[in-house]
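These notes concern the structure reproduced below.
The values are calculated or read from the model by the stated rules, or taken from the named source; none is laboratory data. On a predicted model such as this, the values are computed, not experimentally measured, just so you know. Every residue, glycine among them, receives a Cβ derived from its backbone with ideal geometry; neighbour counts consider all protein chains shown. Heads up: the accessible areas ignore ligands, DNA and RNA and are worked out on the full protein's heavy atoms, side chains in. Shrake-Rupley method; radii C 1.70, N 1.55, O 1.52, S 1.80 Å.
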Amino acid sequence: MNKKITLKTLQSMKGHEKIVMVTAYDALFASLFDENVDVILIGDSLNMTFGGQEDTLSITMDEMIYHAKAVCNGAKKSFLLLDMPFGTCGDKKQALKNATKAYKETKIDAVKIEGGKEKADIIKYLTDNEIAVCGHIGLKPQSARGEGGYSVKGKSEDEKKSIIEDALAIEAAGAVMIVIEGVKPDVASAVSSAVKIPTVGIGAGVDCDGQVLVWSDMLGLNDNFVPKFVKRYIDGSTIVKDAIKQYSNEVKKASFPNEQFTY
Ligand code: KIV
């Protein structure tokens, strides 16, 4: 069995080896991904891809913990990162209460909080209370409803400067890693050079210290959502639909189960 990936492992990879992160929401897929990735993210994107909701906002802490428990059961070696959902980190006390609950009830290694400088105090408070925190800057899906949709960030010099300030502020507050989403590649590159902690990009170009994708996107299972940054490594939706069609045909024709599949 491969050795468990720790914070130390991830931090030592910066500048030497890219960090591979993927989302998972259950034990089965976590166990399939575990061998070939460094980090499994129990992302609140599960509210959309798994729950069929329009955005990430309605998922609760208890629902995230339910999925985190499942992922922890399936993954043996990857570093496990849990998204703190919308409305659970409004202030320091609330954030500590929710993150502590996640630490106590699951075996996650760190939590991820969306936000930059405005969240620095909360990140420092959690860090001071022995909770490892990964930041999430650039495009923040939890802010998309308030902003009227999703848009690439860091297009102007002012926005770029502000994102770099976000990264430096959360690093100074004790963040152990940063996810950078939906930014121009020069922004991610500048952030990755400016901070000593690892950066993991999604829709942020190749210069980050690692990459993350949502599992159902990269396995081509979601025909309704194929943004430019998603590479579909297999055509999962066709593979699954073909298999179900074949099963259905065989059941209708009574050719399944034949002798081979009968006691
Ligand atoms: O929720 C999620 O899956 C995420 C990734 C998009 C980074 O935060």
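Below are the figures for this structure:
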{"quantity": "Förster radius 35 Å - calculated FRET efficiency between Lys228 and Lys8 (Cβ-Cβ, nearest 0.05)", "calculated": "0.50"}
{"quantity": "Candidate residues Glu35, Glu165: accessible-area rank, largest first, probe 1.4 Å", "calculated": "Glu35, Glu165"}
{"quantity": "Most mobile of Leu28, Leu80, Leu57 in a GNM of the chain (Cα contacts under 10 Å)", "calculated": "Leu28"}
{"quantity": "Net length gained if the chain between Lys196 and Glu35 were fully extended (0.36 nm per residue, minus Cα distance)", "calculated": "55.3 nm"}
{"quantity": "For the chain, calculated [θ]222 nm from helices alone, where every DSSP H run of n ≥ 4 adds -39500 (n - 2.57)", "calculated": "-11500 deg cm²/dmol"}
{"quantity": "Relative pair counts by distance (%), Cα atoms of the chain, 5 Å bins", "calculated": "1, 6, 12, 17, 19, 17, 12, 6, 3, 3, 2, 2, 1, 0"}
{"quantity": "Cα-based helix-to-principal-axis angle, 236-252 vs the chain, degrees rounded to 10", "calculated": "20"}
{"quantity": "The range 106-217 - Rg (one decimal) and Dmax (whole number), Cα, Å", "calculated": "13.3, 41"}
{"quantity": "The chain: antiparallel DSSP beta bridges as a percent of all, rounded to 5", "calculated": "5"}
{"quantity": "Efficiency of FRET from Cβ geometry, Ala172 and Gln246, R₀ 45 Å, rounded to 0.05", "calculated": "0.20"}
{"quantity": "Rounded accessible area of Ser255 (nearest 10 Å², 1.4 Å probe)", "calculated": "50"}
{"quantity": "Selection from Met48, Leu139, Ile180 lying farthest towards where the dipole of the range 7-232 points positive, charges on Cβ", "calculated": "Ile180"}
{"quantity": "Estimated distance in nm for a label pair at Glu157 and Lys76, the labels positioned 7 Å out from Cα along Cα-to-Cβ", "calculated": "5.4"}
{"quantity": "Nearest-0.05 FRET efficiency for Glu118 and Glu63, computed from C-beta distance (R0 25 Å)", "calculated": "0.50"}
